[in-house]
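The values are calculated or read from the model by the stated rules, or taken from the named source; none is laboratory data. Please read all numbers here as calculations on a predicted model, not as lab measurements. Glycine also receives a Cβ, built like all others from the backbone with ideal geometry; neighbour counts cover every protein chain displayed. Surface accessibility is based on the protein's heavy atoms, side chains included, excluding ligands, DNA and RNA. Shrake-Rupley method; radii C 1.70, N 1.55, O 1.52, S 1.80 Å.
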Amino acid sequence: MTELATETHDLLRRLGVDPAAFTGGELVARSPIDGLAIGAVAASSPAEVDAAIAAAHAAFRIWRQVPAPRRGELVRLFGDELRAAKVDLARLVTIEAGKIVSEGLGEVQEMIDICDFAVGLSRQLCGLTIATERRDHRMMETWHPLGVVGIISAFNFPVAVWAWNAALALVCGDPIIWKPSEKTPLTALATQALFGRALVRFPDAPVGLAAVVHGGAAVGARLVDDARVALVSATGSTAMGRAVAPRLAARFGRALLELGGNNAAIVGPSADLDLTVRAVAFAAMGTAGQRCTTLRRLFVHESIHAALLAQLRRAYASVRVGDPRHAETLVGPLIDGGAAERMATALAEARAAGGIVHGGETVAISGGGRYVRPALVELATQTGPMLRETFAPILYVVPYRDLDEAIGLQNAVTQGLSSSIFTRDLGEAERFLSASGSDCGIANVNLGPSGAEIGGAFGGEKETGGGRESGSDAWRAYMRRATNTINYGRTLPLAQGVRFDLD
């Protein structure tokens, strides 16, 4: 057994995972650090998936009757478990997903933060009282638990995205079934074990409240097709969303989709270049370019194009690529060889389109991990691989003349997740945020498109799927709304002045 595998098994044991759960299964987990196996998880059979759905459906009938603040107490206890295990779980994220140390810690902190948010939310699941045209009547809306929530997550945020959904679903009264990425099953096992510790301290929880099922598309399809699963929240590629959405629609199930994001930033002539370079560096190179909010397209005003490019070239040449466990590393490995091949293909297309490529070379690191230097690509126009999302650290830079042109270029892709503008011109900032500005679900000023906080609703438009997770009123996706009218008088006035008088 390799050194990484030994450390992984020790971490899993400390986090409360039974060794039988991560040895001997057919789903092999490999660390992107060296490409070698660190564990093996058993795939869930169709019967096991169906049993998890049945148990969750039965649990719903009990859980929906538990008062919401009491449901919040379970999430609070889970947050406590996460605080106690933060360092170990973050280390596991680094090993299994390849994130640098600070990003691994940040991901677990994000889980803790959403638990805090959900606990407060459990006392604020409120509707409206609505003015009614009828005398001696009151009209209001109430919100009720929806049902079983299926959560399909991706490798790049192996635990945080589950927590976004799970914490809100639980306080809203919904049991959860999680299908993690086949590339990151071990962090899911550890998270489920920590949740199990919270359940031990919470006697009100019904059996089947939270489950994990492992496997590929066939396992996800069972969640999508089963009418007992009221909502499927799926994070992944646009191709995955195209497969999931029609199947849910066919049975009138709810979909919450978080799909691709070919994100852009605009740098105006008044931008603070030092701030811009720092923001762009993190947004484009962080997580080795493997975030849905990664900055992939940069439109720079022609008056500062040369100056900004010079600073960016220096930043790209100096960034530290290497083992994500080392504190000085800023860019870790790509998840696997397929990601490296897709990056190489995109760069070849960029060169063929006349692009000047800085970086993109393979970095030699001992072991079998796929390490690459982030690539900075100069293009005269938006073309070729710029028009699609490549899940790798490639930043395309294009000059522009006026703001309308830049906004048009930004919006000219099929995705609509995140965007930003760097400017000290108030008019430019407001124009960018207006109805005729960015068409993305997230639009920022003087910071990059990545690094969303849990307090705001997260999600995007167009082929990004239209879903919203995390903060603001995203909780409504996990509940059903009822409009209620109460007649406390002795007459029966009808709406719109309709008369229906019986003799």
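The modelled label-to-label distance between L502 and E133, using points 7 Å beyond Cα along the C-beta direction, is 2.4 nm. For region 169-219, the mean projected area of the C-alpha convex hull, equal to one quarter of the hull surface, is 3.9 nm².
Against the compact-protein benchmark of 2.2 N^0.38 Å, the Cα-based radius of gyration of the chain scales to 1.05.
For q values of 0.10, 0.11, 0.19 Å⁻¹, compute log₁₀ I(q)/I(0) with the Debye formula on a Cα-only model of region 365-471, without solvent. The Debye formula, applied to the Cα set alone, gives -0.35, -0.42, -1.12. Per-residue surface analysis assigns E349 an accessible area of about 70 Å², computed on protein heavy atoms at 1.4 Å probe radius. What share of the DSSP beta bridges in the chain is antiparallel, in percent to the nearest 5? So the antiparallel bridges amount to about 40 percent of the total. For region 411-496, the share of alpha carbon pairs falling in successive 5 Å distance bins from zero is 3, 12, 16, 17, 14, 9, 6, 6, 6, 5, 4, 2, 0 percent.
Note that region 461-501, at 20 °C in a medium of 1.002 mPa s, gets a Stokes-Einstein diffusion coefficient of 145 µm²/s from its Kirkwood radius over C-alpha pairs. Using r as the Cβ-Cβ distance of D274 and A243, and R0 as 45 Å, what FRET efficiency do you calculate, to the nearest 0.05? For D274 and A243, the calculated efficiency is 0.55. Once Rg and the Kirkwood radius are both taken over the C-alpha atoms of region 200-328, their ratio Rg/Rh works out to 1.16. The distance separating the Cα centre of region 271-294 from that of region 404-436 comes to 17 Å. Here region 53-138 is treated as a sphere whose radius is the Kirkwood value from Cα pairs; by Stokes-Einstein at 37 °C and 0.692 mPa s it diffuses with a coefficient of 206 µm²/s. Solvent exposure of C292, expressed as accessible area, is near 30 Å², computed with a probe of 1.4 Å over the protein chains only. Residues in region 247-256 carry Karplus couplings, in order, of 5, 5, 4, 4, 10, 6, x, 7, 10, 10 Hz; the curve used is 6.51 cos²θ - 1.76 cosθ + 1.60 with θ = phi - 60°, and Gly or Pro positions show x.
Gyration tensor over the Cα atoms of region 419-462: the corresponding equivalent ellipsoid has semi-axes (square roots of 5 times the eigenvalues, largest first) of 18, 13, 8 Å.
Dividing the alpha-carbon radius of gyration of region 18-76 by the rule-of-thumb value 2.2 N^0.38 Å gives 1.69. In region 269-388, the alpha-carbon atoms span a convex hull of 108 Å³ per residue.
With all protein chains in place and ligands, DNA and RNA left out, the 1.4 Å accessible area ranks D174, D336 as D336, D174, largest first. The three principal axes of the Cα atoms in region 1-47 give end-to-end lengths of 35, 24, 14 Å, sorted in falling order. Give me the Debye-computed log₁₀ of I(q)/I(0) at q = 0.13, 0.14, 0.18 Å⁻¹ for region 1-106, equal point scatterers on Cα only, no solvent, two decimals. Treating every Cα as an identical point scatterer, log10 I(q)/I(0) equals -0.68, -0.77, -1.03.
Over the C-alpha trace of region 106-164, radius of gyration and Dmax come out as 17.9, 56 angstrom. Charge tally around G260: other residues with Cβ under 10 Å, Lys/Arg +1 each, Asp/Glu -1 each, net -1. Cα convex hull, region 118-215: 133 Å³ per residue, rounded to a whole number. Using only the C-alpha atoms, the convex hull of region 348-399 corresponds to 72 Å³ per residue.
Other residues lying with their Cβ under 11 Å from the Cβ of I130 contribute a combined charge of -1, Lys and Arg counting +1, Asp and Glu -1.
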